[in-house]
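Just below is one structure, and these are the notes that go with it.
The values are calculated or read from the model by the stated rules, or taken from the named source; none is laboratory data. Predicted model, so just to flag it, every value in this text is computed and none were measured. Cβ atoms come from the backbone with ideal geometry, glycine included; neighbour counts cover every protein chain shown. Surface accessibility is based on the protein's heavy atoms, side chains included, excluding ligands, DNA and RNA. Shrake-Rupley method; radii C 1.70, N 1.55, O 1.52, S 1.80 Å.
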Amino acid sequence: MSSRIAIDYRNGNTLFYFDQLTPGTMLDSFSCSISEYNDYLFKDALRSQNDHIALTWLLRERTTDSIAAYMSLIADAIKLSITEKEVHALNYPFRTIPAMKIAKLAVSNPVQGKYKGLGTYMVNKALALARLCNRQLFACRFLTVDADVEHNETVIEFYTKNGFVPNSEMNNKRTKTISMRKDIYK
Ligand SMILES: CC(C)(COP(=O)(O)OP(=O)(O)OC[C@H]1O[C@@H](n2cnc3c(N)ncnc32)[C@H](O)[C@@H]1OP(=O)(O)O)[C@@H](O)C(=O)NCCC(=O)NCCS
């Protein structure tokens, strides 16, 4: 049996805290299995944030202050087929529906060895932020992701376990990523 600590919403909030990326953030504690995701955080995330292209949230372990995970969030819109709209009871004449996208998500290897469920915890945090936006700022019905099957072949399983489904309308010509959505209100 795994000795890793299982993270849920309650103990997650006790063991970790959320912090936005800033110019002064020390990033050296982060290391995940995919070098492109490390490079993005080290080299591109701050520039993307300054240019209002992607906003990056860090999850920090309270006892060590190390970066356990990060995600970059952006505004999105997805096209749904008539059948897909029916699934969500979205009876509107337009096909494009507003969404919020997890543009990047990664968990740090050393911390992943200690805890189970951090990826799921991050998805739940993104959902909470999307609901906050809906209450106070703007509407977005779906949380979306382009599941990066080029770098992580089985990652669709992670998103499926978290309630995401593939967008049939959006995946016609794709090979490197699979567009997926989760209804924020179901
Ligand atoms: C993908 C990632 C974010 C998942 O984080 P995590 O902390 O391991 O995820 P969780 O512990 O919350 O996993 C939830 C479930 O998904 C499963 N899962 C996680 N990653 C998986 C993968 N790559 N393939 C298949 N299943 C996976 C877990 O086994 C777990 O299943 P269980 O509930 O039946 O035990 C993390 O592995 C990571 O950072 N990978 C490198 C970067 C990456 O691929 N990012 C996503 C790009 S779209």
Other residues with Cβ under 14 Å from the Cβ of residue 175 give, with Lys and Arg +1 and Asp and Glu -1, a net charge of -1
Add +1 for every Lys or Arg and -1 for every Asp or Glu among the other residues with Cβ under 12 Å from the Cβ of residue 104, and state the total. -4
Can you pull the accessible area of residue 31 for me, 1.4 Å probe, Å² to the nearest 10? 50 Å²
Charge tally in the Cβ shell below 11 Å around residue 32, where Lys, Arg are +1 and Asp, Glu are -1, residue 32 excluded: -1
So, in the range 30-186, how many Lys pairs have Cα atoms under 18 Å apart, if the pair is 8 or more places apart or on different chains? 22
Work the Kirkwood hydrodynamic radius out for the range 1-147: mean of 1/r over every pair of different alpha-carbon atoms, inverted, in Å. 16.5 Å
Between residue 136 and residue 65, with labels modelled 7 Å along Cα→Cβ, what's the label distance in nm to one decimal, could you check? 2.7 nm
Whole-Å semi-axes of the ellipsoid equivalent to the range 93-186 (Cα gyration tensor, √5λ, descending): 23, 19, 10
Between the Cα axis of helix 118-136 and the main Cα principal axis of the chain, the angle (0 to 90°, nearest 10) is 60 degrees
Kirkwood Rh in Å, taken over the range 1-86 so that all alpha-carbon pairs contribute: 15.1 Å
Order these peptides, 122-131, 102-111, 165-174, by their mean beta-carbon neighbour count within 10 angstrom, highest first. 102-111, 122-131, 165-174
In terms of solvent-accessible area of protein heavy atoms at a 1.4 angstrom probe, what is the ranking of 39, 51, highest value first? 51, 39
Distances over 15 Å make up what percent of all Cα-Cα pairs in the range 56-101? 59 percent
DSSP loop chymotrypsin sites (Phe, Trp or Tyr not before Pro) with at most 15 other Cβ within 10 Å excluded, longest remaining stretch of the chain: 1-93
Those residues of the range 52-86 whose amide nitrogen sits under 14 Å from the label point placed on residue 169, 7 Å along Cα→Cβ: 77-86
Can you give me the long-range amide H partners of residue 5? Hydrogens built in the peptide plane at 1.01 Å from N, cutoff under 5 Å, separation of 5 or more residues or another chain. 115, 116
